[in-house]
Amino acid sequence: MSPERIHIHAVRHEGRTVDILIEGNRIVHLGGPLPEAGLLISGKGKVAIPGFINLHNHAAMTLLRGCGDDMPLMQWLEKRIWPIEAHLTHDDVYWGAKLACIEMIKSGTTTFVDGYHHMPATANAVRETGMRAVLSCACFDHFDHSEAETVKARIARLHAETDLAGGRIAYAVAPHAIYTVSGATLQWINDYAAANNILIQLHLAETESEVDFSLKHFGCSPVRYLHSLGVLSPRLLIAHGLYVDDEELVLLADHGVSVSHNPASNMKLASGYAFRFVEMQRAGIRVGIGTDGCSSSNNLDMIEAMKLASLLGKSWRKDPEILSATDVFAAATSQGADILGLPTGRIAEGALADIVLVDVNQPAFTPNLNFTSNLVYAANGSCVDTVICNGRILMQNRTIEGEAEVMRRVSQCAERLMAFSK
Ligand SMILES: [Zn+2]
């Protein structure tokens, strides 16, 4: 449903009761009560928050949920994930991404950053479900010249072909990692992204073995290696960034690089835990939060990701005052939006109408002494009742049309794919 005007009446937002009016895809009024205007949504028993920004995802990996749990990263990739991914079809990715979109909408995410195979299939899922996304194809050249040429041609072709859904989709480039993509290709991608003003996302400094690889093959740590290639820039969003020393923090900050912290994936794959959230922020690096794909996180619930980010940050430092609920909520909303350069991630007049209504008539919000604390520490994605993205209602009363059919199709696709697991 896409009415021209949506009027959210008497909803709680940041401690006060307000009316919110949406016209087209923007919030045009936030404040005192309005006479009925447009499609009316009652805010009774609800709190309005901005939709979450999931900064690191591989949406169609919902297909591989529960496949290859409890393994180290490289073994997991080589034995489970890559052999199956070699047989993925456009259809598999479409259904997997569609399930991911449904799962994200149901847990309050309105924008996500994605890198995966068969990107046009993910774009179709985004267009149909009404979400906002930054999409890229996952690129590997395995240090092979002819593979590199194929990758470059694919990046340019997909860029030209992608229908940006009236601005809801942004095109980006996702070189996989420094151990699967050559320095020359990373430099080409950096030049391409600069010329086209698009984002680059890259897994970086994720594991100790990646650091060892970098030291062995490039003679320096991952961030220093990228610096030597000249590819650190404000267009670069790195995923993970667990192994970054003080000097590298300065390099990242000086070049305007942003970071996605993905606590569930890091803990489950035991990649590391000492993510330097606070040091990065103090150095001036923008840090947001992501889930990573469903085979390493195993869900796409940003409320869970916020809780894990906060608890992990506190526990490894033995400091309960670090990374408050408010800090991680900002990282999952406004900071994520700022990293993507999108006027969303906050409820304000003029902002994009990406709004989530949380149902607070449930145990996790009782008593509701501190809404943000309850949201981050007590609730999970099931508290989300209504989701609006780009001024369009994507879910109301937790109901999304076609959900059962999508789950049925994903189960079928997954059954076929599991035959290719080693
Ligand atoms: Zn990832």
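Any read-out appearing in this document is the output of simple, stated calculations on the displayed coordinates, not a laboratory observation. The model shown is predicted, which means the values in this text are computed figures rather than measured ones. Please note: Cβ atoms are built from the backbone with ideal geometry, for glycine as well, and neighbour counts cover all protein chains shown.
Worth a mention:
- Segment residue 282-residue 26, length gained on full extension (0.36 nm per residue, minus Cα span): 88.9 nm
- Near residue 193, once Lys and Arg are set to +1 and Asp and Glu to -1 for all other residues with Cβ below 13 Å from its Cβ, the sum equals +1.
- Fewest neighbouring Cβ atoms within 10 Å first, the residues 258, 221, 146 line up as 146, 221, 258.
- Ascending count of other beta-carbon atoms within 10 Å, so fewest first, for 235, 157, 12, 317: 157, 317, 12, 235
- Here the calculated FRET efficiency for residue 405 and residue 163, from their Cβ-Cβ distance with R0 = 22 Å, stands at 0.40, rounded to the nearest 0.05.
- Cα-Cα P(r), the stretch 52-340, percent of pairs per 10 Å interval: 7, 31, 39, 21, 2, 0
- Dipole magnitude for the stretch 52-340: about 520 debye, using +1 per Lys or Arg Cβ and -1 per Asp or Glu Cβ, origin at the Cα centre.
- Euclidean distance of C-alpha centroids, the stretch 74-120 and the stretch 359-422, integer Å: 17
- Pairwise centroid distance, computed over Cα atoms, of the stretch 140-164 with the stretch 259-334, Å: 31
- Remark: spin-label model distance residue 79-residue 247 equals 3.7 nm, labels positioned 7 Å along the Cα→Cβ axis.
- Between residue 69 and residue 380, the C-beta separation translates, for a Förster distance of 30 Å, into a calculated FRET efficiency of about 0.90.
- Residue (of 17, 323, 199) at the positive-pole extreme of the chain, dipole from beta-carbon charges: 17
- Orientation-averaged projection of the stretch 1-67 equals 6.9 nm² [convex hull of Cα atoms, one quarter of hull surface area].
- Compared with the alpha-carbon gap, the fully stretched path from residue 34 to residue 373 is longer by 119.0 nm at 0.36 nm per residue.
- Projecting label points 7 angstrom from Cα along Cα→Cβ for residue 42 and residue 10 puts them 0.9 nm apart.
- For a label point 7 Å along the Cα-to-beta-carbon line of residue 195, residues of the stretch 149-164 with backbone N under 16 Å: 149-161
- Dipole axis of the chain (+1 Lys, Arg; -1 Asp, Glu on Cβ), positive-most option in 308, 369, 112: 369
- Listed residue pairs exceeding 31 Å between alpha carbons, taken from 46/307; 98/268; 98/307; 79/216; 98/152; 216/307: 216/307
- Pairwise label distance in nanometres, residue 420 with residue 180, each label 7 Å out on the Cα-Cβ vector: 1.3
- Taking every DSSP bridge with both residues inside the chain, close to 45 percent are antiparallel.
- Residue of 195, 264, 332 that the Gaussian network model of the chain assigns the largest fluctuation, springs spanning Cα pairs under 10 Å: 195
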